[in-house]
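The values are calculated or read from the model by the stated rules, or taken from the named source; none is laboratory data. Predicted model only: the values in this text are computed from it and were never measured. No Cβ is skipped: glycine too gets one built from the backbone with ideal geometry, and neighbour counts run over all protein chains shown. Quick note on the areas: whole protein, heavy atoms, side chains included, nothing else; ligands and nucleic acids left out. Shrake-Rupley method; radii C 1.70, N 1.55, O 1.52, S 1.80 Å.
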Amino acid sequence: MTGLSVEMLAADAVEPITSAGNAQLGIAVLAGIAVIVLLITKFKMHAFLALTIGSLALGSFAGAAPAKTIASFTAGLGSTVAGVGVLIALGAILGKLLADSGGADQIVDTILAKASRRAMPWAMVLIASIIGLPLFFEVGIVLMIPVVLLVAKRGNYSLMRIGIPALAGLSVMHGLIPPHPGPLVAIDALDANLGVTLALGVVVAIPTVILAGPVFSRFAARWVDIKAPENMVPQRPAEDLDRRPSFGATLATILLPVVLMLVKALVEIVVDDPEQGVQQVTDVIGSPLIALLTAVVVAMFTLGRAAGFTKGRLSTTVEKSLVPIAGVLLIVGAGGGFKQTLIDAGVGQMILDLSESWSIPALLLGWLIAVAIRLATGSATVATISAAGLVAPLAADMSTSHVALLVLAVGAGSLFFSHVNDAGFWLVKEYFGMDVGQTVKTWSVMETIISVVSLIFILLLSLVL
């Protein structure tokens, strides 16, 4: 746990690529975002090109040397594709195997048979919360997308009515509940009690995910009434298979990476010694890359071979799964490049400098700092680390429960209003086939609801604990 926070802080502590003052840097951030939005909405430019141009514009407005801006954008794009991109590719392969083998149909048929139409959004938020407990947000998305899209299509639901609850479940787990990296780093920085933080996090998460998921999805479905995009819905092959995997085998395959990552997280909590052989093993098998790769290999047997696939058919399935995600990879990578340009320009430090003079209660201060850094950089992790580091001295005189609430306040702030500088924004936009405006009205508003509702419940708890 300590190693994780040290690595993240070290990665974030880089020399800014510009010496611009806070005023110029603030104007540069607004200008860069405006360029991206204008190019996409007004000139209908592809998001990958708009993000690239917007990053260069940001560097120019901030007074950074072009070479440094390009290096920063390239580094961010590369690290995002290397991390998230590989996970998206593995998720696409797993999704295609699920679809072609009939496994996804088996899952969807079971869900549609067991849950009434009225209960479907509640079923989706429950499934996503369980799956999202040990997973990075991006991993949760690539695992949930095939199920979400097929349920929406087969049940003739508005995509938002099904998709928003799933996204809410994943996002709330990501921001508030250990063992996710953000909460763990904040717990480490503030020296909070893990068990108390986990317990209070669950108390806050339950009403938050209900309001941001099933409840808000009613309004989101009215604002953006769209169907699942055909190019992203897992398509069954033209031929009708004589057999398909059982529900148990399919569910076990989907949950395999979840279990591997959860085991890794539990071992880290219980053992907390990187030199121990058990933790070294679980660190490997529970990493997102290995966990998803293992699931893909297992799926070739539990799904592909169970449906009668030959070796050639398996190879063709894998090859076809990668074609539809090329554009998604580029856009998400460019979103990561823009985010890194913001961070390297010193936007996070600018927010910290401005916040030093804020004289407000600690819980609200931690939330506001995280919100400001999240809005400026698009990175929930950077927002969590920076805000937790700044308010850490305030935790020294707090009770155990209030330190835990401070961790949750920082985590809640880090989720506020995801927009064009967040790679997750583009991931959701492309998977759900929405334009920028539709993504803001659904995904961005949902993230804001999670952040604000969480803060309200955190403040209420602080009054009684």
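Can you flag which of LYS96/LYS311; LYS339/LYS441; LYS42/LYS227; LYS153/LYS264; LYS44/LYS441; LYS153/LYS441 are past 26 Å Cα-Cα?
Listed pairs above 26 Å: LYS153/LYS264.
Let me check I've understood the local charge: for ALA123, count other residues with C-beta under 11 angstrom from its C-beta, Lys and Arg +1, Asp and Glu -1. What total comes out?
+3
Please sort 255-266, 377-388 by packing, taking for each peptide the average over its residues of neighbouring beta carbons within 10 angstrom, highest first.
My ranking of the peptides, most packed first, is 377-388, 255-266.
Taking all protein chains as present, what is the carbon and sulfur share of the accessible area of the chain, in % to the nearest whole number, probe 1.4 Å? Mind dumping the intermediate values first?
On the way: 12340 of 18440 Å².
Percent of accessible area from carbon and sulfur atoms in the chain: 67.
Would you be so kind as to identify all helices of the chain, as entire DSSP H runs, whose Cα atoms reach 30 Å or more along the helix's own axis and whose mean Kyte-Doolittle hydropathy is at least -0.5?
Once both thresholds are applied, what remains is 247-270.
Would you kindly state how much longer the chain becomes between LEU49 and TRP223 on full extension, computed as 0.36 nm times their sequence separation minus their alpha carbon distance, in nm to one decimal? Let's see the in-between values first.
Values: separation 174, 0.36 × 174 = 62.64 nm, distance 2.78 nm.
Net length gain for the segment: 59.9 nm.
How would the stretch 412-465 be classified by its alpha-carbon gyration tensor: rounded, prolate or oblate, with rounded meaning a/c under 1.5 and the a/b versus b/c comparison settling the rest?
prolate
Shape of the stretch 354-434 from its Cα gyration tensor (a ≥ b ≥ c, root eigenvalues): rounded if a/c is under 1.5, otherwise prolate when a/b > b/c, or oblate?
Judged from the Cα gyration tensor, the stretch 354-434 comes out prolate (a/c at least 1.5, a/b above b/c).
Calculate, for the stretch 304-457, the solvent-accessible area per residue in square angstrom, rolling a 1.4 angstrom probe over the heavy atoms of the protein chains.
That works out to 32 Å² per residue.
Take the Cβ-Cβ distance between THR310 and ASP109 as r, set R0 to 41 Å, and report the resulting FRET efficiency rounded to the nearest 0.05.
0.95
From the helices alone, meaning DSSP H stretches of at least four residues, give me the mean residue ellipticity at 222 nm for the chain, per-run term -39500 (n - 2.57), in deg cm²/dmol to the nearest 500. Mind dumping the intermediate values first?
Details: 24 runs with 334 residues, N = 465.
Value at 222 nm, helices only: -23000 deg cm²/dmol.
Where in the stretch 445-465 does the label zone of TRP358 land, with the point 7 angstrom along Cα→C-beta and an amide N cut-off under 18 Å?
The answer is 448-460, whose backbone nitrogens lie closer than 18 Å to the label point.
Name the longest site-free stretch of the chain, where the excluded sites are GluC sites (Glu not before Pro) in a DSSP loop with no more than 14 other beta-carbon atoms within 10 Å.
Between the exposed loop sites, the longest stretch runs 1-229.
Once R0 is set to 51 Å, what does the formula 1/(1 + (r/R0)^6) return for the Cβ-Cβ distance between THR400 and LYS42, expressed as a FRET efficiency to the nearest 0.05?
Efficiency for this residue pair is about 0.45.
I'd like the FRET efficiency for ARG243 and SER287, computed as 1/(1 + (r/R0)^6) with the beta carbon distance as r and R0 of 35 Å, rounded to 0.05.
The computed FRET efficiency comes out at 0.55.
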